[in-house]
Amino acid sequence: VLGPEHPDTATAVNNLGTLLQEMSDLAEARLNNEHALVILERVLGPEHPETATAVNNLGMLLQAMGDLAGARPYYERALAILEAKLGPDHPNTRIVRDNLAAVS
């Protein structure tokens with residue numbers, strides 16, 4: 001109904017990726033999360049807080065896959081976006097900061 005390039009569609013794709021991650025289908029989860037990120041970057045821009053959420057989710061997926069070094073740049077990017085857009089004390093910013101600390 002909304003089309004393939006709508007932010008709500010990206011959210012649904014991202015949520016599917018999260019579900020697949022929980023089901024241990026990490027390869028398929030990654031495809032969905034990467035696709036959601038592409039949509040959000042295109043529609044909302046690379047510096048939007050919703051884009052940061054998708055970036056953080058990719059970091060979490062890589063961390064779950066055991067790729068801590070690969071997760072770190074995603075967490076760093078998400079943190080930079082959220083600090084700039086929501087501030088350093090926002091709950092979402094704190095979550096990403098904690099995620100980054102876990103791989104540092």
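Quick look at the values:
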read-out: Single unsatisfied condition, ALA78 versus (1) of a type in the set (A, V, I, L, M); (2) more than 26 Å from PRO4 (Cβ to Cβ); (3) in contact with a Ser or Thr (Cβ under 8 Å, 6 or more places away or on another chain); value: (2)
read-out: Output for the range 13-42, where each listed residue is among the small types (Gly, Ala, Ser) and within 13 Å of ASN57 (Cβ to Cβ); value: GLY17, ALA29, ALA36
read-out: Failed item in (1) within 10 Å of the chain's Cα centre (by Cα); (2) under 21 Å from ALA102 (Cα atoms); (3) not aromatic (Phe, Trp, Tyr), with LEU37 passing the rest; value: (2)
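Just so you know, all these numbers are worked out from the coordinates, no wet-lab data involved. Because the structure is a prediction, the values reported are computed rather than measured. Here the Cβ is made from the backbone with ideal geometry for all residues, glycine too, and neighbour counts use every protein chain on show.
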